[in-house]
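**Student:** One structure coming up, written as structure tokens, with questions to follow.
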Amino acid sequence: GESVGLHLPTLSVQEGDNSIINCAYSNSASDYFIWYKQESGKGPQFIIDIRSNMDKRQGQRVTVLLNKTVKHLSLQIAATQPGDSAVYFCAENSDRGSTLGRLYFGRGTQLTVWP
Amino acid sequence: ETGVTQTPRHLVMGMTNKKSLKCEQHLGHNAMYWYKQSAKKPLELMFVYSLEERVENNSVPSRFSPECPNSSHLFLHLHTLQPEDSALYLCASSQGAGSEQFFGPGTRLTVL
């Protein structure tokens, strides 16, 4: 099967700094990508998504970059805050023509923000 | 809140017990999912229901039995579980292809 993975299992940043979380995928047919945030004791929450016809998409304090050439996805968090501490997952969808949003998840990166 | 609720939030059961997990979505979605989340592993998709019909079963042991009586409710019936089945069980729903899935808070299951 296809794999979605993360380069680093943990990331520690100082409050106020920018964070970059990376993700690699192997299915060149993937056309939709999502970043989720999972806080302790909660289910994953949607952060931002991007389709394969885009290279960059910005949200509030977050930016997702997609490099289809090297099959790489990144999530940038500006001015990281303690509330950003969580596990971040990337997920990809490659079910072309499917009626379902079947997602493949990476292992997750634990982001820790220290004062 | 994401619009997806799960009960119970925590469950401890013995290997001979029978229990059920419940999920309800208030989003009008047409697909629902069960995932298993174990420590240090990616989310594992267990079952997918579309329009109340099971369309995917990822080689899940028969001791897990899903049920989807309508598009808003999803159950996971558990019987004769093993300690290695202890995990966080997450329910999600979505609408259409290539759309985000909304997750519930999960049920933390411990099998003794």
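The values are calculated or read from the model by the stated rules, or taken from the named source; none is laboratory data. Values in this document were obtained by computation on a predicted structure and should not be read as measured data. Cβ: placed from backbone, ideal geometry, glycine included. Neighbour counts: every protein chain shown.
**Student:** From (1) surrounded by 14 or more Cβ atoms within 10 Å (Cβ to Cβ); (2) within 12 Å of chain A (Cβ to nearest Cβ); (3) farther than 19 Å from B:Glu56 by Cβ, pick out the condition that doesn't hold for B:Ala31.
**Tutor:** (3)
**Student:** Further question on the same structure: Exactly one of these conditions fails for B:Pro42: (1) part of a strand (DSSP E or B); (2) within 14 Å of chain A (Cβ to nearest Cβ); (3) within 17 Å of A:Gly41 (Cα to Cα). Give me its number.
**Tutor:** Going through (1) part of a strand (DSSP E or B); (2) within 14 Å of chain A (Cβ to nearest Cβ); (3) within 17 Å of A:Gly41 (Cα to Cα) one by one, B:Pro42 breaks only (1).
**Student:** Only one of B:Asn30, B:Asn70 is of a type outside the set (Ser, Thr, Tyr), within 20 Å of A:Gly43 (Cβ to Cβ) and modelled with pLDDT under 95. Can you tell me which?
**Tutor:** Working: B:Asn70 fails: within 20 Å of A:Gly43 (Cβ to Cβ).
One residue alone meets the criteria, B:Asn30.
**Student:** Moving on to the next point. Run B:Val55 past the list (1) assigned to a strand (DSSP E or B); (2) within 20 Å of A:Gly43 (Cα to Cα); (3) more than 14 Å from the chain's Cα centre (by Cα) and report the number of the one that doesn't hold.
**Tutor:** Result: B:Val55 fails condition (2) only.
**Student:** Considering only segment B:52-67, how many residues are at pLDDT below 90 and over 16 Å from B:Ser94 (Cα atoms)?
**Tutor:** Residues flagged as at pLDDT below 90 and over 16 Å from B:Ser94 (Cα atoms) within segment B:52-67 amount to 3.
**Student:** While we're looking at this one, here's another question. Among the strands (runs of 3 or more DSSP E) contained in segment A:6-115, which hold 2 or more residues that are over 25 Å from B:Ala92 (Cα atoms) and modelled with pLDDT under 95?
**Tutor:** Working: elements: A:10-14, A:19-25, A:32-38, A:45-51, A:56-58, A:62-67, A:72-77, A:86-93, A:109-114.
Once the strands (runs of 3 or more DSSP E) in segment A:6-115 are filtered for at least 2 residues that are over 25 Å from B:Ala92 (Cα atoms) and modelled with pLDDT under 95, what remains is A:10-14.
**Student:** Just to check your reading of the model, which residue among A:Ser40, A:Ser19, A:Ser12, A:Ser28 is more than 25 Å from A:Pro115 (Cβ to Cβ) and among the hydroxyl-bearing types (Ser, Thr, Tyr)? It would help to see each step written out before you state the result.
**Tutor:** Working: A:Ser40 fails: more than 25 Å from A:Pro115 (Cβ to Cβ); A:Ser19 fails: more than 25 Å from A:Pro115 (Cβ to Cβ); A:Ser12 fails: more than 25 Å from A:Pro115 (Cβ to Cβ).
Just a single option satisfies the conditions, and that option is A:Ser28.
**Student:** In segment B:75-101, how many are within 14 Å of another protein chain (Cβ to nearest Cβ), in contact (Cβ under 8 Å) with a residue 40 or more places away in the chain and more than 19 Å from B:Pro42 (Cβ to Cβ)?
**Tutor:** We begin by selecting, within segment B:75-101, every residue within 14 Å of another protein chain (Cβ to nearest Cβ); these are B:87-101.
Right, trim to in contact (Cβ under 8 Å) with a residue 40 or more places away in the chain and you get B:87-96, B:101.
Narrowing further to those that are more than 19 Å from B:Pro42 (Cβ to Cβ): B:93, B:95-96.
So the answer is 3.
**Student:** What do you reckon, is A:Phe33 of a type in the set (A, V, I, L, M, F, W, C), surrounded by 21 or more Cβ atoms within 10 Å (Cβ to Cβ), within 11 Å of another protein chain (Cβ to nearest Cβ) and closer than 24 Å to B:Gln37 by Cα? Give the derivation first.
**Tutor:** Working: of a type in the set (A, V, I, L, M, F, W, C): yes; surrounded by 21 or more Cβ atoms within 10 Å (Cβ to Cβ): yes; within 11 Å of another protein chain (Cβ to nearest Cβ): yes; closer than 24 Å to B:Gln37 by Cα: yes.
Taking the combined requirement at face value, the residue satisfies it.
Residue-wise test of (1) facing chain B (nearest Cβ under 8 Å); (2) exposed (fewer than 15 other Cβ atoms within 10 Å of the Cβ); (3) hydroxyl-bearing (Ser, Thr, Tyr); (4) more than 14 Å from the chain's Cα centre (by Cα).
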| residue | (1), (2), (3), (4) |
| --- | --- |
| A:Pro44 | yes, no, no, no |
| A:Arg57 | no, no, no, no |
| A:Asn67 | no, yes, no, no |
| A:Thr80 | no, no, yes, yes |
| A:Tyr88 | no, no, yes, no |
| A:Gly108 | yes, no, no, no |
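**Student:** Can you name the residue in segment B:45-70 that is on the phi > 0 side of the Ramachandran plot and touching a Ser or Thr at 6+ places or on another chain (Cβ under 9 Å) and, of all such residues, is farthest from the other protein chains (Cβ to nearest Cβ)?
**Tutor:** Filtering segment B:45-70 for residues on the phi > 0 side of the Ramachandran plot gives B:51-52, B:59.
Retained after the next criterion (residues that are touching a Ser or Thr at 6+ places or on another chain (Cβ under 9 Å)): B:51-52.
Values: B:Leu51: 9, B:Glu52: 13 Å.
It comes out as B:Glu52.
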